[in-house]
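Mind looking over this structure? Questions follow.
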Amino acid sequence: MIQTIYLIILTYFILGGIAFYLINRKKDAATARKSYTKFGTYFLIINLLFFSIVLKPLVFRYLAVLIIFVGFFELLKLFGKEGFKQKGFFSVALIVFTFLAAGFYFFSGLQKELILFSFLVLSIFDSFSQITGQLWGKRKLFPAISPAKTVGGLVGGALVAMVSSLLLSPLYGGTLFMSVLLAAGIVVFAFAGDLSASFYKRKFDTKDFGNLIPGHGGFLDRFDSLIAGAAWVAFWVYVLNF
């Protein structure tokens, strides 16, 4: 089963690589290089998290703790960069992040099959929303907050993630309907988490949370949707008891 799933992931990456080639072939060399760097780094991150979940779930929990602490530092760094202004906004953002981070931590201790299902659905949504957005996205969703987000990207990424949740449903172990419902919540929370992170950056007039991850920026630039999507899964399990 795991081998089959990994082959599906590789197939998605091959399709994504073809799409990135089509997207970048008419761009200037510097922009294309940055895009390929982002794609390559993303491939490494996905493999690191995938194998940590499959082979040693405890390692994934350690990685989750690392992401949470670095994310908190990045929030604080931007707050301090502006001279610790907007204390009210920062306090609200910190409370929201704390709740989501707690959910992410509890998520990291769930059954590895459920973690893997959720992680793959989220990663597929994240990657294909970018690909379909660049290929067909024209109408912007929230240009003042996140100019790159488009209706085409959201719809395309969500559709691929929903279809993929059907293929991955044996990992979850529930009915197809429950698998799709869980995946829909992951998509909504992942998108909301990404948008919220963008809003936070705009409030402090910066593009990225940092430069720790080549082609992506900071940890929150890469893992904001993972934190939020994982929090939904934790809520699904611990509160809704599904």
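The values are calculated or read from the model by the stated rules, or taken from the named source; none is laboratory data. Note that the structure is a prediction, hence the values are computed from the model and not measured. Every residue, glycine among them, receives a Cβ derived from its backbone with ideal geometry; neighbour counts consider all protein chains shown. Just so you know, the surface numbers come from the protein's heavy atoms only, side chains and all, with ligands and any DNA or RNA stripped out. Shrake-Rupley method; radii C 1.70, N 1.55, O 1.52, S 1.80 Å.
Solvent-accessible area per residue for the chain at a 1.4 Å probe radius, Å²?
Accessible surface, normalised per residue, equals 51 Å².
Here's a follow-up. Once label points are set 7 Å from the Cα along Cα→Cβ at both Lys81 and Phe242, what is their separation, rounded to one decimal in nm?
Result: 3.7 nm between the two label points.
Note down the magnitude of the dipole of the chain about its Cα centre, charges +1 on Lys and Arg C-beta and -1 on Asp and Glu C-beta and zero elsewhere, to the nearest 20 debye.
Magnitude of the dipole: close to 700 debye.
Also: Only one of the values (1) 26, 24, 17; (2) 37, 20, 19; (3) 34, 21, 14 was calculated from this structure for semi-axes √(5λ) of the Cα gyration tensor in Å; name its label.
(1)
Charges only on Cβ, +1 for Lys and Arg, -1 for Asp and Glu: so what's the dipole of segment 113-242 about the Cα centre, in debye to the nearest 20? All intermediate terms of the calculation are to be shown ahead of the outcome.
On the way: 9 positive and 7 negative charges, 100 e Å.
Computed charge dipole of segment 113-242: roughly 480 debye.
Take the solvent-accessible surface of the protein heavy atoms, probe 1.4 Å, and return the percent of it on the chain that carbon and sulfur atoms account for.
About 71 percent, which is the carbon plus sulfur part of the accessible surface.
Lys/Arg Cβ at +1, Asp/Glu Cβ at -1, dipole of segment 143-232 taken about the Cα centre: which of Ile186, Ser164, Thr175 is farthest positive-ward?
Farthest towards the positive pole: Ile186.
Which of the aspartates and glutamates could a cross-linker span from Lys56 if the Cα-Cα distance has to be under 14 Å and same-chain partners fewer than 8 positions apart are dropped?
Glu113
Can you give the FRET efficiency for Ile23 and Ile45, using 1/(1 + (r/R0)^6), R0 = 25 Å, r = Cβ-Cβ distance, to the nearest 0.05?
0.80
Here's another thing I want to ask about it. So what's the gap between the Cα centers of segment 155-215 and segment 64-140, to the nearest angstrom?
After rounding, the separation between the Cα centres reads 10 Å.
In nm, what is the difference between 0.36 nm times the number of residues separating Ile2 and Lys138 and their Cα-Cα distance?
45.3 nm
For segment 29-126, with the dipole built from +1 on Lys and Arg beta-carbon atoms and -1 on Asp and Glu ones, taken about the Cα centre, which of Phe119, Val59, Phe73 lies farthest toward the positive end?
Checking the options against the dipole of segment 29-126, the answer is Phe73.
Still on this structure, I have one more. Which residue fluctuates the most in the chain, going by a Gaussian network model with Cα springs under 10 Å, if the choices are Arg25, Arg202, Arg61?
Arg25
Also, quick follow-up: I'd like the trypsin sites (Lys or Arg not before Pro) in segment 62-106 restricted to DSSP loop residues with at most 15 other Cβ atoms within 10 Å, sorted by number.
Passing both the DSSP loop test and the Cβ count: Lys85.
I would also like to ask the following. Any chance you could run the full-extension gain for Thr98 through Asn211? It's 0.36 nm times the residue separation minus the Cα-Cα distance, nm to one decimal.
38.4 nm
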